[in-house]
Amino acid sequence: MLPTQCLCTKLRRATRNVNRLYDEALASIGLNAAQYSLLKNLSRLDQPSITSLAEAMGLDRSTLGRNLRVLEGKGLVLLEGGEDQRNRLVSLTVTGRDVLAQASVAWEHVQAQLAQRIGAEKRAALMALLDDLEHLD
């Protein structure tokens, strides 16, 4: 890779590398990192609407809707009720809860590997920096 001082490029490269680790760990369960995150966030909320789930995850509704349709096709989530697509309620199915439990083990393993690789001090500094970058507006 060409060296760069561009923060955006460096962040994109780092994100791709980290995502790859999570995707590889979750592949045998049939999920990718984005799908795991969606299921995990959904499990933390009590049958949210698509709009409130999108807000909680920092995603636009159309992106979330596409991702939910994939998970619905796998039998992991249920979309029901609501007057329109934005107000439909989303919940995990029994299969979705089982898959999430399996995926959580793989996710924890990658979390531990990355934490060990960068060390506690760098991990804490990275988390603080990422918190700052999440709230640039």
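The values are calculated or read from the model by the stated rules, or taken from the named source; none is laboratory data. These numbers were taken from a predicted model, which means no experiment stands behind them. Cβ coordinates were reconstructed from backbone atoms using ideal geometry, including for glycine residues, and neighbour counts include every protein chain displayed. Heavy atoms of the whole protein, side chains included, go into the accessibility calculation; ligands, DNA and RNA do not. Shrake-Rupley method; radii C 1.70, N 1.55, O 1.52, S 1.80 Å.
Quick look at the numbers
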quantity: Heavy-atom SASA rank of 135, 109 (probe 1.4 Å, accessible area, largest first); calculated: 135, 109
quantity: Simple spin-label estimate for residue 102 and residue 24 in nanometres, 7 Å along Cα-Cβ; calculated: 2.1
quantity: Lysines with Cα under 20 Å of residue 122, excluding same-chain neighbours fewer than 8 positions away; calculated: 10
quantity: Segment 1-41 versus segment 84-137: alpha-carbon centroid distance in Å; calculated: 11
quantity: Candidates 20, 12, 88, ranked by Gaussian network fluctuation over the chain, Cα under 10 Å, top entry; calculated: 12
quantity: Extension reserve of the residue 55-residue 137 stretch, reckoned as 0.36 nm per residue once the Cα distance is removed; calculated: 28.0 nm
quantity: GNM top mover of 28, 43, 104 - the chain, alpha-carbon springs below 10 Å; calculated: 28
quantity: Within segment 57-83, backbone nitrogen closer than 20 Å to the virtual label 7 Å beyond the Cα of residue 93 toward Cβ; calculated: 64-82
quantity: Three-way shape call for segment 44-93 based on the alpha-carbon gyration tensor, with the a/c threshold at 1.5; calculated: rounded
quantity: Rounded percent of accessible protein surface that carbon and sulfur make up, segment 86-137, 1.4 Å probe; calculated: 56
